[in-house]
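*Asks:* My structure is below; once you've seen it, I'll send some questions.
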Amino acid sequence: MDEITMDIDVEYTAKLARLELTEQERTTFQAQLDGIVKYVQKISEVDVSDVPPMMHGREIVNRFREDVVRPSLDVQTALSNAPKRVGDEFLLPKIVEGAES
């Protein structure tokens, strides 16, 4: 496989991110980014022609419980710890600007 050369301009990237870097930071980050590019190039050498495309590295199985009707809380029990209530409803603070109470 042909080696892909990719120079990442740390100064330009920092400018896009609105970061001010010292010369030492630029040198450090350039070395780190070069290492990342080399690592990605190394990974691209792996033959994956026999590997089917997948979303996850291993099989994902949903574990649903059986849908069984069960008794729920009665209204008084459900509202027993409500800090504020109006009749049989929870009273919550307004959280949307301009919403009417």
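*Asks:* Rounded to the nearest 10 degrees, what's the angle between the helix 23-43 long axis and the longest principal axis of the chain, both from Cα atoms, 0 to 90?
*Replies:* Value to nearest ten degrees: 90.
*Asks:* Between Val46 and Ser72, what FRET efficiency comes out of the Förster formula 1/(1 + (r/R0)^6) with R0 = 41 Å and r the beta carbon distance, rounded to 0.05? The partial results should precede the final answer.
*Replies:* Details: r = 53 Å, r/R0 = 1.29.
Step by step, r from the Cβ atoms, then E = 0.20.
*Asks:* If you stretched the chain out fully between Lys15 and Ala82, how much longer would it get, using 0.36 nm times the residue separation minus the C-alpha to C-alpha distance? Could you put the intermediate results ahead of the total?
*Replies:* Numbers: separation 67, 0.36 × 67 = 24.12 nm, distance 5.09 nm.
Roughly 19.0 nm would be gained on extension.
*Asks:* Magnitude of the Cβ-charge dipole of segment 1-74, K/R +1 and D/E -1, about the Cα centre, nearest 20 debye? Intermediate values should be presented prior to the final figure.
*Replies:* Values: 9 positive and 16 negative charges, 88 e Å.
Its charge dipole is roughly 420 debye.
*Asks:* A further question on this structure: Beyond 17 Å, what share of the Cα-Cα pairs of the chain is found? Please give it as a whole percent. Before the final figure, lay out the partial values.
*Replies:* Working: 3943 of 5050 pairs.
So the portion of pairs separated by more than 17 Å is 78 percent.
*Asks:* Continuing with the same structure: With a 10 Å cut-off between alpha carbons and a GNM built on the chain, which of Ala14, Ala82, Ala31 moves the most?
*Replies:* Between Ala14, Ala82, Ala31, it is Ala82 that shows the largest mean-square fluctuation.
*Asks:* Please sort 41-50, 57-66 by packing, taking for each peptide the average over its residues of neighbouring beta carbons within 10 angstrom, highest first.
*Replies:* Values: 41-50: 8.3, 57-66: 5.5.
In descending order of packing, they fall as 41-50, 57-66.
*Asks:* Moving on. Can you compute the helix-only [θ] at 222 nm over the chain? Use -39500 (n - 2.57) per DSSP H run of at least 4 residues, normalise by all residues, nearest 500 deg cm²/dmol.
*Replies:* About -10000 deg cm²/dmol.
*Asks:* Along the charge dipole of segment 8-101, pointing to its positive end and built from +1/-1 on Cβ of Lys, Arg, Asp and Glu, which listed residue (Gln41, Ile60, Leu91) has its Cα farthest out?
*Replies:* Leu91
Each value in this text was obtained by applying a stated rule to the coordinates, not by laboratory testing. Quantities reported herein were computed from a predicted structural model and do not represent experimental measurements. Virtual Cβ from ideal backbone geometry, glycine too; neighbours counted across all protein chains shown.
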